[in-house]
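What follows is one structure encoded as structure tokens, with my remarks underneath.
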Amino acid sequence: MIQKMTLIGMTLLLIVACDTDTNDPQIEGDFKITVENIAEAKSYSSSGAFNTPVGATDPAPIFPGEAYEVSFSAAPGSKLSFATMFVQSNDLFYAPDGDGIDLYDSMGEQVVGDVTSQIMLWDAGSELNQEPGLGADQAPRQAGANTGAVDTDNTVRLASDDFSNLPAVADVVQVSLSSNGATAFTLRIVNVSSSSTLMTSDGGSTAVPLAPGVYVVHSGSDVLFAAGQADYGYGLAAIAEDGDPTDLSAMIAMDTGITQLYAPGVYVVHESANPLFTADVVDRGEGLEDLAEDGDPSSLAAALSSSAMYSTSGAFNTPVGATGPGALAPGASYEFVISAMEGDYLSLATMLVQSNDLFVAPSGMGIALFTDGAAMTGDVTSYLSIWDAGTEVNETPGIGLNQAPRQAGAGAGMDEMGLVRMVDDMYDYPTLSEIIRVTITQI
């Protein structure tokens with residue numbers, strides 16, 4: 001009898017360990033999932049060159065009555081700096097001081113109107129000064145770019161009126177800011193000089209053209225130069241001597257953009273499709289909205305945990321090496337471990353923080369963890385897309401006042417009452433493979 005019972009027990013174990021259809025052993029494994037923020041941190045939210053006068057079709061200096069205009073977006077706390085050449089000089093330029101111009105006041109309201117009082121005339125310290133309006137090595141008269149003797153004082157400093165003929169700033173340039181929306185601005189630089197603005201020692205007079213320049217939206221100080229220090233060597237001298245913004249605008253552009261962040265998210269191992277959402281259908285109200293708008297995965301994680309459909313699910317919220325939950329900054333990563341069997345899929349979702357309600361996730365079926373008996377390993381970022389939860393109206397990425405880093409509180413923002421869908425709006429978004437990497441390692 002004992003022998004017979006032992007045989008029955010062995011038979012039952014074999015049935016449990018085999019696939020009921022094929023009698024093959026059930027394939028299973030443990031996996032480590034790593035979510036890495038591989039985006040670059042950026043110092044400036046907007047920058048560029050201004051080189052074409054309003055109404056013109058080609059780059060050129062601006063003469064009396066002409067203007068440059070630049071439109072940009074900026075979040076509260078941002079400042080504006082720019083530089084444009086005083087053309088009748090060797091290396092003088094107009095710019096605000098190193099702190100730049102505050103774009104919002106202490107109450108959080110946009111600064112608009114005339115800001116000329118914050119503009120100064122600076123000496124780049126790169127070329128020896130000659131009399132403004134007469135120097136043979138100044139742009140209107142020089143034989144070629146970058147001519148002229150080297151200045152014995154190589155520091156950037158306020159221009160000195162060595163020849164007693166420098167006009168007041170307000171007699172040459174007028175600078176103003178206007179609002180194009182809650183976070184949108186236009187900078188206007190007008191040449192207000194006339195033929196009698198700059199008096200020269202030979203008894204003549206002339207207007208003062210202004211040359212193409214650069215602008216940058218920033219939060220720090222001394223972006224274009226530091227008063228009392230040598231030029232950084234990134235291209236300011238080319239603007240101040242020759243009105244050429246090419247090098248400086250290119251250098252600043254390399255550090256301009258949105259610093260991408262990811263918020264705590266959820267994961268689930270599943271067999272059937274659409275555990276988190278269904279494309280082109282309204283959000284189910286199980287917590288995806290909280291995750292996509294505010295980076296809060298708790299409600300969605302609880303909904304997954306309470307469902308009998310999923311044996312493995314949870315939240316990931318603490319960056320590797322951190323002591324507590326937090327957002328994922330460039331260079332940081334989240335990790336979590338799952339167990340799965342053949343036929344299982346993985347879905348996950350994490351908020352694209354510099355947005356109103358965007359999140360990164362695979363499509364409804366998720367990522368197959370086994371294929372033909374082989375475990376899925378390696379980089380699976382290609383399975384992911386940027387999705388719009390359809391719950392809040394989108395604003396300019398990284399700038400919007402109702403996005404998590406800037407909103408007054410959770411759930412702020414205009415209700416969209418839309419569908420969950422791949423993001424498709426007027427804004428530009430980076431290629432996912434440039435800002436996030438998700439890898440699967442079998443352990």
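Scan segment 289-330 for residues that are in contact (Cβ under 8 Å) with a residue 24 or more places away in the chain, in a helix (DSSP H, G or I), closer than 12 Å to Pro264 by Cα and not acidic (Asp, Glu) and jot them down.
Scanning segment 289-330 gives Leu291, Ala292, Leu300, Ala301.
Going through Gly113, Gly55, Gly77 one at a time, which residue ends up being surrounded by fewer than 17 Cβ atoms within 10 Å (Cβ to Cβ) and under 14 Å from Leu187 (Cα atoms)?
Gly113
So is Met254 at pLDDT 95 or above and closer than 30 Å to Ala143 by Cα or not?
So Met254 does not fit the description; no.
Specify the residue that is surrounded by the fewest Cβ atoms within 10 Å (Cβ to Cβ); the eligible residues are those in segment 194-214 that are assigned to a loop (DSSP other than H, G, I, E, B) and of a type in the set (A, V, I, L, M, F, W, C).
The residue in question is Ala207.
Could you tell me which of the residues Gly113, Gly98, Gly144, Gly125 is more than 14 Å from Leu198 (Cβ to Cβ) and at pLDDT below 95?
Among Gly113, Gly98, Gly144, Gly125, only Gly144 is more than 14 Å from Leu198 (Cβ to Cβ) and at pLDDT below 95.
Quick one: which residue in Ala136, Ala159 is in the same structural domain as Leu236 (by TED's automatic domain parsing) and touching a Leu at 6+ places or on another chain (Cβ under 8 Å)?
Selected residue: Ala159, the only one of Ala136, Ala159 that is in the same structural domain as Leu236 (by TED's automatic domain parsing) and touching a Leu at 6+ places or on another chain (Cβ under 8 Å).
Could you tell me which of the residues Asn191, Asn129 is over 37 Å from the mean Cα position of the chain (by Cα), crowded, with 17+ Cβ neighbours inside 10 Å and assigned by TED's automatic domain parsing to the domain that holds Val87?
Exactly one of Asn191, Asn129 is over 37 Å from the mean Cα position of the chain (by Cα), crowded, with 17+ Cβ neighbours inside 10 Å and assigned by TED's automatic domain parsing to the domain that holds Val87, namely Asn129.
Has segment 359-381 got any residue that is buried (at least 19 other Cβ atoms within 10 Å of the Cβ) and under 20 Å from the mean Cα position of the chain (by Cα)?
yes
I'd like the residue in segment 386-420 that is on the phi < 0 side of the Ramachandran plot and touching a helix residue (DSSP H, G or I) at 6+ places or on another chain (Cβ under 7 Å) and, out of all such residues, is surrounded by the fewest Cβ atoms within 10 Å (Cβ to Cβ).
Ala410
Could you pull out the residue among Ala273, Ala279, Ala302, Ala308 that is out of contact with any strand residue (DSSP E or B) (no Cβ under 7 Å at 6 or more places or on another chain), under 27 Å from Asp379 (Cα atoms) and surrounded by fewer than 16 Cβ atoms within 10 Å (Cβ to Cβ)?
Ala273
Looking at segment 99-124 only, could you name the residues that are in contact (Cβ under 8 Å) with a residue 40 or more places away in the chain, in a loop (DSSP other than H, G, I, E, B) and out of contact with any Leu (no Cβ under 8 Å at 6 or more places or on another chain)?
Asp99, Ile119
The values are calculated or read from the model by the stated rules, or taken from the named source; none is laboratory data. Nothing here was measured: the structure is a model prediction, and the numbers come from that model. Neighbour counts are summed over all protein chains in view; Cβ atoms, including those assigned to glycine, are modelled from backbone coordinates with ideal geometry.
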